[in-house]
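Please read the structure below before turning to the comments.
What follows is calculated from the coordinates using simple rules that are stated; it is not laboratory data. Fair warning: this is a prediction, and the values are worked out from it, not measured in the lab. All Cβ positions, even for glycine, are placed from backbone atoms using ideal geometry, and neighbour counts span all protein chains on display.
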Amino acid sequence: MIKLGENTFWLSGRTGITARAAVAGPIEGKGPLGEMFDKVYKDEKCGQTSWEMAEGQMLSDCLDTILVKGGKTPQEVDLLLSGDLLNQCMSTAIATRDRNIPTLGLYGACSTMAESMCIASLIMEGAATRNIICMTSSHYCSAEKQFRFPLELGGQKPKSSQSTVTGAGGNMLTWDGGNVCITAVTPGCVRDPGVTDSNNMGGAMAPAAATTIATHLKDTSRPPEYYDMILTGDLGELGKEMCGQLTMELGYDISKQLQDAGTMVYAPEESINTAGTSGCGCSAVVLNTVILDKLEKGELNKVLFVGTGALHSPALLNEKQPIPVIAHAVSIERR
């Protein structure tokens, strides 16, 4: 492992993705990824008594599926990296309690899937680890209750808003395993775009995504054409357009490669709003279904996965402070 340029770490390529899983709520199950989910719940409470416990159940089911698919017991997992949107990573705590797996809780908001893969790759390159699980989750109802308004209040949203995905996704990284590997990571820096509107997540996160993409391409001396796809997650329609424009201003035309996880989960007739989806679970379920499936089959060979996160909290919003944002990039390639 060596460091390139400003923020990029060049890896050996020996960290492979050997198992993956994604579970989702009923609306997500009706979308274009529906048949690829390992489990689709019949209702948003997932058989639990509250939205928060439901999110913990989704993450627990995701973890169980990764272990089964990877053919590993909890004792064979060296480390688990996970996070979510709820206060103090509540869903992660629920899903991992009594598992007896060393766990690091993360908060990167919607960038958590990419953040966990960045950290896991760096740890695996420098430590005696064989298997690390990365995962995250989000739930529409619990997120609305914590960050905006409880659903019972019937709040109206502007067209710039995005709907939080009800779902959980994750994967297992294994040293010298799998035919899809991580070749480089570019951890992002926290940015302040000055946005205070908690409904405009795409607009808030787009500058961070553009900066991280440009930094990665500059550090690695790669043109955008090196990648079959540059997948942001999750900017939605408005944020995706803004990201493309900002990256162009930074000297890189990514218009042919740019896709966004926030535009890939809902079928048009099921969309709650016009801007797409968000939440930790958004990029997690997209990456761990259709994207990795195409990489494994050779339909894609090189993908730059750029997880984006709005690092807001109820306290920050109540104090009318701008929402800090961040984006992390993971270069994923077919061997």
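Relative contact order (percent) for the chain, with alpha-carbon contacts under 8 angstrom and 6 or more residues of separation?
Relative contact order comes out at 25 percent.
Amide H neighbours of Gly276 under 5 Å, counting only residues 5+ apart in sequence or on other chains, H built in-plane at 1.01 Å?
Residues meeting the amide H criterion: Ser163, Glu237.
Just to check I understand the Karplus step: with θ = phi - 60° and J = 6.51 cos²θ - 1.76 cosθ + 1.60, what whole-Hz values come out for the stretch 210-222, glycine and proline as x?
4, 5, 5, 4, 5, 4, 4, 5, 5, 4, 8, 6, 9
Two decimals is fine: what is log10 I(q)/I(0) at q = 0.22 Å⁻¹ for the stretch 174-306, from a Debye sum with one equal scatterer on every Cα and no solvent?
-1.44
Distance between the C-alpha centers of the stretch 98-137 and the stretch 30-64? Whole Å please.
Centre-to-centre distance over Cα atoms comes out at 21 Å.
Could you line up Cys282, Cys134 from fewest to most neighbouring Cβ atoms inside 10 Å?
Cys134, Cys282
Given R₀ = 41 Å, FRET efficiency for Ala267-Ile2 by Cβ-Cβ distance, to 0.05?
Efficiency at R0 = 41 Å is approximately 0.40.
P(r) tail for the stretch 2-175, what percent of Cα pairs lie past 29 Å?
Tail of the P(r) past 29 Å holds 23 percent of the pairs.
Would you work out the charge dipole size for the chain about its Cα centre, treating the Cβ of every Lys and Arg as +1 and the Cβ of every Asp and Glu as -1, and quote it to the nearest 20 debye?
The calculated dipole for the chain is roughly 400 debye.
Using a basic spin-label model with each label point 7 Å from the Cα along Cα→Cβ, how many nm lie between Leu104 and Arg130?
2.1
Can you tell me the mean projection area, over all orientations, of the convex hull of the chain's alpha carbons? Units nm², please.
Dividing the Cα hull surface by four gives the mean projection, 15.3 nm².
Using modelled amide H (1.01 Å from N, peptide plane; none on Pro or chain starts), what sits under 5 Å from the amide H of Ala19, excluding residues fewer than 5 places away?
Placed amide hydrogens put Met172 under 5 Å from Ala19.
If you take every DSSP beta bridge fully contained in the chain, what fraction is antiparallel? Give it as a percent rounded to 5.
Numbers: 39 of 60 bridges.
If we restrict to bridges inside the chain, about 65 percent are antiparallel.
Arrange the following residues from fewest to most other Cβ atoms within 10 Å of their Cβ: Leu11, Leu104.
Listed from fewest to most nearby Cβ atoms, that is Leu104, Leu11.
Arrange the following residues from fewest to most other Cβ atoms within 10 Å of their Cβ: Glu52, Glu6.
Glu6, Glu52
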